[in-house]
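See below for the structure under consideration.
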Amino acid sequence: MARSEFLTSVSRYFDRAASHSGVTPGLLRQIKACNAVYRMRFPVREDNGEITVVEAFRAEHSYHRLPTKGGIRLSRHVDLDETIALAALMSYKCAIVGVPFGGAKGGIALDPSKISDGFRERVVRRYTAELIRKNFIGPDIDVPAPDYGTGEREMAWIADTYKNLRMNEPNPYACVTGKPVAMQGIPGRRQATGLGVFYGIRIFCEEAEAMRRLGLEPGLAGKRVIVQGLGNVGYHVASFLQRDGGSVIVGIAEREGYLHAEDGLDVEAVVRHRAETGTLEGFPRAVFSTDRATALEGDCDILVPAALENQITGENAPRIQAKIVAEAANGPVDSVGEEILRERGICMLPDIYLNAGGVTVSYFEWLKNRAGVSFERLLSRHEELTKSQLVQTIEQLVGQSVPEPLRTPLLHGPSEERMVVTALEQTMIVSFGQIHELWKSEQLPDLRTAAYLLSIGRLAESYSQHGIFP
Ligand code: NAD
């Protein structure tokens, strides 16, 4: 399937929601348009001395708020349309979770599984230098983060390159988020997207009426789940669903195939097995098939596509058996597939809400970098003192002391990770409430349309407040 199908799908989702919005056509055109794209080709030396010309992109979709923000993807599928589609999703996503950034996205057209670490580092550092050259990166300009095929290590290379080429920048590490904690990252960012997806699914599954309509019991416990993609997002979703939700992970798909076990897979054990052997194959008491596509069509309550876009299309949508498709990846359901799933009564939890946990926690990391101080240092001692005063007052009133084993954990101030996690949970709860409310009050066809409509309303409001530069 042509990649531009992804951009077409995003455009259709936008137009459908826009028709409910009452925003003027001109402003809608501006909200939808991608404002700037930098397409580059640069030479990088291979390990054997040969030169490879690498193609890469950075799209800045919307400047209604600055900086712009969005991940950097390493994938052989990367192209201009894909990067623009992903940048647009970032604008809508930020608006939904109240992150005051415009949307952006970067892509490097290389297969991450086929390059050496040394070559990878040279590519990422050169890409960063190219972004600096054209003013497409900076704490107040455009702030990348991890995405498919990249992680903390790549973000560290970006931060280091930026710091060395921008010696006068007061907060150079605020130029990128998703960094290692030791390099001014924030605890909780690594699992943030997956944890946000987990919260989103949990919140939806607590909706008794919605679950009744799907023929499911409320709650996550015992729900049968299939996850596609055991990378950063997919692994954390699977792990939280199993450990904290009590769900049963009946299937996991990766590049090499599909692993299935009716009575459930131990996610941590599967990850260990794959790290040791390089494949899902051979995992004990489970059935392995090289036909990874069958995973999407497997019998389950919740299907979590957490790999790439365009996975559910007009071709396979009629065979999807899940009752809920939880869009952990960006754009996993194309607009033709979506129509079919909706007609079949399958509920989709839309990507622009569900996977917004990553950018939410990236925002916290950026704030921390800008402030030059951790949240823990600012707040923890204050919380300890407040709690201590409260406990002492209660002790005086009841004439009894709290026993020591209970006292210490009670008085402890929150760790930075705890603050991040609770703020993320609150964000997911509040945003779902707003989307759900809009869905009901406007009698919209689905949660995706409601999420887009919420976003369009906020972007329109932002443009109205700030005006448009003449
Ligand atoms: P990742 O590179 O860590 O993991 C992706 C995994 O999917 C890899 O292990 C890869 O081998 C696997 N995969 C690729 N094709 C597959 C296929 N056809 N079937 C099964 N598995 C396949 O990437 P990630 O960061 O987990 O991102 C996954 C998705 O989540 C992407 O759509 C990304 O845009 C989206 N997302 C990521 C973040 C983030 O913070 N990393 C935030 C928001 C959205």
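The values are calculated or read from the model by the stated rules, or taken from the named source; none is laboratory data. Every value quoted in this text rests on a predicted model; they were computed, and no experiment measured them. FYI the Cβ positions are ideal-geometry reconstructions off the backbone, even for glycines, and counts take in every protein chain you see. Ligands, DNA and RNA are stripped out before the accessible areas are found, and what is left, the full protein with its side chains, is counted by its heavy atoms. Shrake-Rupley method; radii C 1.70, N 1.55, O 1.52, S 1.80 Å.
Some points to look at:
- For Glu154, the test of being closer than 30 Å to Ala306 by Cβ and within 16 Å of the ligand (Cβ to nearest atom) is passed.
- Selection count where residues are closer than 18 Å to Ala210 by Cβ, free of Cβ contacts under 8 Å to residues at least 60 places away in the same chain and part of a helix (DSSP H, G or I), scope segment 334-348: 2
- In segment 320-338, the condition of being over 25 Å from the mean Cα position of the chain (by Cα) and either away from the ligand (no atom under 15 Å from the Cβ) or at pLDDT 95 or above (or both) is met by no residue.
- The set of residues from segment 97-144 being basic (Lys, Arg) and open to solvent by 30 Å² or more (accessible area, probe 1.4 Å) comprises Lys114, Arg122, Arg125, Arg126, Arg133, Lys134.
- Of note, Arg342 satisfies the criterion of being modelled with pLDDT of 95 or more, open to solvent by 30 Å² or more (accessible area, probe 1.4 Å), among the charged types (D, E, K, R) and more than 12 Å from the ligand (Cβ to nearest atom).
- Residues considered: Arg73, Arg65. Of these, the only one that is basic (Lys, Arg), surrounded by 18 or more Cβ atoms within 10 Å (Cβ to Cβ) and closer than 18 Å to Asn310 by Cβ is Arg73.
- Those helices (runs of 4 or more DSSP H) of segment 137-215 in which at least 3 residues are among the aromatic types (Phe, Trp, Tyr) and in contact (Cβ under 8 Å) with a residue 24 or more places away in the chain, considering only elements entirely within it, cover 189-205.
- Applying the criterion of at least 3 residues that are in the same structural domain as Ala174 (by TED's automatic domain parsing) and within 25 Å of Ser335 (Cα to Cα) to the helices (runs of 4 or more DSSP H) found wholly in segment 1-116 leaves 80-96.
- Residue match in segment 388-401 (condition: open to solvent by 40 Å² or more (accessible area, probe 1.4 Å), more than 16 Å from the ligand (Cβ to nearest atom) and in contact with a Pro (Cβ under 9 Å, 6 or more places away or on another chain)): no
- Subset of segment 246-274 that is more than 18 Å from Ser289 (Cβ to Cβ) and surrounded by 22 or more Cβ atoms within 10 Å (Cβ to Cβ) - its residue that is farthest from the ligand (Cβ to nearest atom): Ser247
- Conditions (1) open to solvent by less than 20 Å² (accessible area, probe 1.4 Å); (2) free of Cβ contacts under 8 Å to residues at least 60 places away in the same chain; (3) among the aliphatic types (A, V, I, L, M): number failed by Ile51: (1)
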